[in-house]
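Structure first, commentary second.
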């Protein structure tokens, strides 16, 4: 069988954040080029240059990125009793986040919760007012994803916007 179709490779910038595709659409991608009837999404993986590989089943995981913002009350480092220290709150939270996979998810299911960023304060002698934790959740199974995100929503009051569609 011979199919005659046009192939239009499109290389999306900023694919990890999803901002690249939207920027391309906002820049008039479909005004300059015809809207495709099908899109095949690919992801760059480790391998030899020029090789294309595939296999049956899941190859990459779903990815959800979240931010936890913790509010405290800053104070001078010499007066910690006057503060509500968000750095200590953040440290305890990071340790608790590490137990989600080992205590909330069955050992037969795959999930990863990564804390990739913890930001708080700018000076060694000042307790800041807030701390920000940025984390990434990776799952292969939609039910596992729902359980992890539901746990995070309950624990950190993310609300219904974070929960996957039921």
**Complete:** Taking N as the number of residues in region 1-87, the ratio of its alpha carbon radius of gyration to 2.2 N^0.38 Å works out to 1.94
**Asked** Stretched out fully, how many nm does the piece from residue 142 to residue 56 gain, at 0.36 nm a residue minus the Cα gap?
**Response** 29.2 nm
**Request:** With 5 Å bins from zero, work out the P(r) of region 57-98 over every alpha carbon pair and list the percent per bin.
**Result:** 6, 17, 19, 16, 12, 11, 6, 5, 4, 3, 2, 0
**Message:** Binning at 10 angstrom from zero up to the longest distance, how are the C-alpha pair distances of region 62-156 distributed in percent?
**Reply:** 16, 43, 24, 14, 4
**Prompt:** When only Cα pairs under 8 Å and 6 or more residues apart are kept, what is the percent relative contact order across region 62-156?
**Reply:** 39
**Exposure proxy ranking, count of Cβ atoms within 10 Å, fewest first, for 100, 39** = 39, 100
**Fill in**
Hull surface over four for the Cα convex hull of the chain, reported in nm², is 15.6
**Complete:** Between the Cα axis of helix 86-97 and the main Cα principal axis of the chain, the angle (0 to 90°, nearest 10) is 50
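No value in this document is a laboratory result; all are computed from the given coordinates. These numbers were taken from a predicted model, which means no experiment stands behind them. For neighbour counting, all protein chains shown are included, and Cβ atoms are generated from backbone atoms with ideal geometry for every residue, glycine included.
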